[in-house]
Amino acid sequence: MRTLPVSKVGTPPNDSAASYLRWLARQARPAMTAGALFGILWMSCQSLVPAIVGRAIDAGLTQHDGGALLTWSLVLLGVGLVQAGAGVARHRLAVFCWLSSAYRTVQVAVRQSNRLGSALPRRLGAGEVVAIGTADISHIGGALDITARGAGSLVAVVTVTVVLLSTSVPLGLVVVLGVPLLMAVVGLLIRPLHRRQQAYREQQGRLTGRAIDLVGGLRVLRGVGGEPVMSARYRAESQRLRGAGLRVASVEALLEATQVLLPGSFLVLVTWLGARFALSGQITLGQLVSFYGYAAFLVAPLRQLTETLDKLTRGHVSSRRVVQMLRARTDLGDLPRPVPLPHDGLLADPASRVVVRPGVVTAIVAAVPADAVAIADRLGRYVATAPGAGATLAGVPLGNCALAAVRERILVTDNEARLFSGPLRADLDPTGVAAQTSALAAALTAASADEIVASLPDGLDTAFGERGRSFSSGERQRLRLARALIEDPKILILVEPTSAIDAHTEARISDRLGSARDGRTTVICSTSPLLLDRADHVFYIEDGAVAAEGTHRQLLHSNFFYARTVLRQ
């Protein structure tokens, strides 16, 4: 299905759920306006049918006028054709509004996720993001979808009221007084439904997040014997969510019953009054048939009006969650006036005194592996720093530059990088640019991932599951490395890129990585002797700072602690 270009999404408001729904309505204004007009025409034609049938009975059957009967029959046929055409157009436009609002919400959520970047897990739970892309978009789409039918139903009720008042004031007053009473009764149920839906939605997000955590760490839980404990916790939370769902369902059931009972009672009342007026001679036989037709017809618009309130309530609850996501702010924000990022130069981390020369392969070895990860995060600007502090490129603090420019220039990849489900080609080369050149094949060869592709049944077109679980740990590392090489950033920072790869494959990667990154800056955080032996310069880190530097062979002979760390002795 074709989605809307992100450039056309615009900037949604984040002050309230109602403003977000209004923003979605403005984005699809032509379709919503046309849908409402067709909905009004559709329901108006339906509301005229009982009056036409009544006139046909009075003029044609009662007075035995064949010409009048034929005339009104043709009028009824014309109204029916207009109603059918308007109904088809209304439905198509309503579905378009549903899809546009739902997919705009998806695009807004994805763009906000990209904007938050590494701060997303610290700001929002995974369950919240998943629930927005599954349940919430359906409710938001439904809120815009129902507007066409809601507008048509409202106009239809007004039309019927005017017709009844012009024919019989008592019957018209029944409609005038009965419809607001019906809406008031429904309104009493909307507020508790809104509260219970909100509570259910929050618990659903928490439970979804816990399910994601359980699936991701299932092997670890089984290894340490924690599966029964986590299963019991999930079962308890699932039962609490079930209870919240039952509380929502109880109000929804009452609302559904009200939607049937009240319009049905309304139908009985109007029919009874119409029959009494016909027996007393206050209305004709044709008008009695019209009144009965109106009473039966009013069930549909009244039910749709209550459905409109219900769907708008659901959409409001879901929009509140989207707005909450849009309000989240990253702790890696830009300055009001960011400075341009230098094109090239020394990449330095003052905290550790690591200085990376451009165009060479630099390795970072740490006695405590977490120190190397911290340096990589600072060099890639993945930690918040005060303005003017932190890592620098050509003397310019990265924190003073636009984050988008830093991300475009510096790529940090580690073993937490995800492989997304779908065809392997789309995951490694999402833009398709590398496939048009030799870059894709060269990156696969450099990462020793070409043999993985050769073993797949459909090669690069083979689809795989979430996180690439069908691959081994070493194969996932090689595919991540290939994806990073395909991106070909100016500065590439690799964190333990070969920790799960066998020695023979690691040796091939070590031999090819330098030529694959020729002329580019590469930083490798690793303790692998094979990678370190191919590095141009090595920094040894102790207590978070540089304790020694040089080539791998120099440090092996000159620094006992470096040798012990690298040789694992």
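The values are calculated or read from the model by the stated rules, or taken from the named source; none is laboratory data. Model, not experiment: these values are computed from the prediction. Note that each Cβ is placed from the backbone with ideal geometry, even for glycine, and that neighbours are counted across all protein chains shown. Only protein heavy atoms, including side chains, enter the accessible area calculation; ligands, DNA and RNA are left aside. Shrake-Rupley method; radii C 1.70, N 1.55, O 1.52, S 1.80 Å.
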- Considering each residue of segment 14-40, count those that are over 17 Å from the mean Cα position of the chain (by Cα), among the polar types (S, T, N, Q) and not in a helix (DSSP H, G or I), and give that number. 1
- Message: Among the residues that make up segment 365-380, is at least one of them touching a Lys or Arg at 6+ places or on another chain (Cβ under 8 Å), surrounded by 14 or more Cβ atoms within 10 Å (Cβ to Cβ) and under 30 Å from residue 442 (Cβ atoms)?
- Response: no
- Query: What number of residues within segment 410-434 are out of contact with any Phe, Trp or Tyr (no Cβ under 9 Å at 6 or more places or on another chain), assigned to a helix (DSSP H, G or I) and open to solvent by less than 50 Å² (accessible area, probe 1.4 Å)?
  - Reply: 2
- Would you list the helices (runs of 4 or more DSSP H) that sit entirely within segment 58-160 and hold 2 or more residues that are surrounded by fewer than 16 Cβ atoms within 10 Å (Cβ to Cβ) and not hydroxyl-bearing (Ser, Thr, Tyr)? 66-116, 120-123
- Would you confirm whether any residue within segment 328-343 is open to solvent by 20 Å² or more (accessible area, probe 1.4 Å), touching a residue at least 40 places away in the same chain (Cβ under 8 Å) and assigned to a helix (DSSP H, G or I)? no
- Message: Condition first: of a type outside the set (A, V, I, L, M, F, W, C), touching a Leu at 6+ places or on another chain (Cβ under 9 Å) and open to solvent by 60 Å² or more (accessible area, probe 1.4 Å). Can you find one or more residues in segment 277-289 that meet it?
- Response: no
- Go through segment 448-474 and give me each residue that's within 13 Å of residue 422 (Cα to Cα), part of a loop (DSSP other than H, G, I, E, B) and open to solvent by less than 70 Å² (accessible area, probe 1.4 Å). 462, 465
- Message: From the list 247, 242, exactly one residue is closer than 29 Å to residue 200 by Cβ, open to solvent by 50 Å² or more (accessible area, probe 1.4 Å) and out of contact with any helix residue (DSSP H, G or I) (no Cβ under 9 Å at 6 or more places or on another chain). Which is it?
- Response: 242
- So residue 46 fits all but one of (1) modelled with pLDDT under 90; (2) surrounded by fewer than 20 Cβ atoms within 10 Å (Cβ to Cβ); (3) more than 29 Å from the chain's Cα centre (by Cα); what number is the exception? (2)
- Kindly indicate the residue of segment 482-501 that is in a helix (DSSP H, G or I) and not β-branched (Val, Ile, Thr) and also surrounded by the fewest Cβ atoms within 10 Å (Cβ to Cβ) among those meeting that condition. 487
- Task: Spot the failing condition for residue 221; the list is (1) in contact with an Asp or Glu (Cβ under 7 Å, 6 or more places away or on another chain); (2) modelled with pLDDT of 70 or more, and only one is missed.
- Result: (2)
- (1) under 21 Å from residue 433 (Cβ atoms); (2) under 29 Å from the mean Cα position of the chain (by Cα) all hold for residue 459 apart from (2)
- Query: How about segment 502-566: which helices (runs of 4 or more DSSP H) wholly inside it have at least 3 residues that are over 26 Å from residue 378 (Cβ atoms) and not hydroxyl-bearing (Ser, Thr, Tyr)?
  - Reply: 503-516, 552-558
- Across (1) of a type in the set (Val, Ile, Thr); (2) open to solvent by less than 10 Å² (accessible area, probe 1.4 Å); (3) assigned to a helix (DSSP H, G or I), residue 445 clears everything bar (2)
- One residue from 130, 169 being touching a helix residue (DSSP H, G or I) at 6+ places or on another chain (Cβ under 9 Å) and either within 18 Å of residue 300 (Cα to Cα) or of a type outside the set (Lys, Arg) (or both): 130
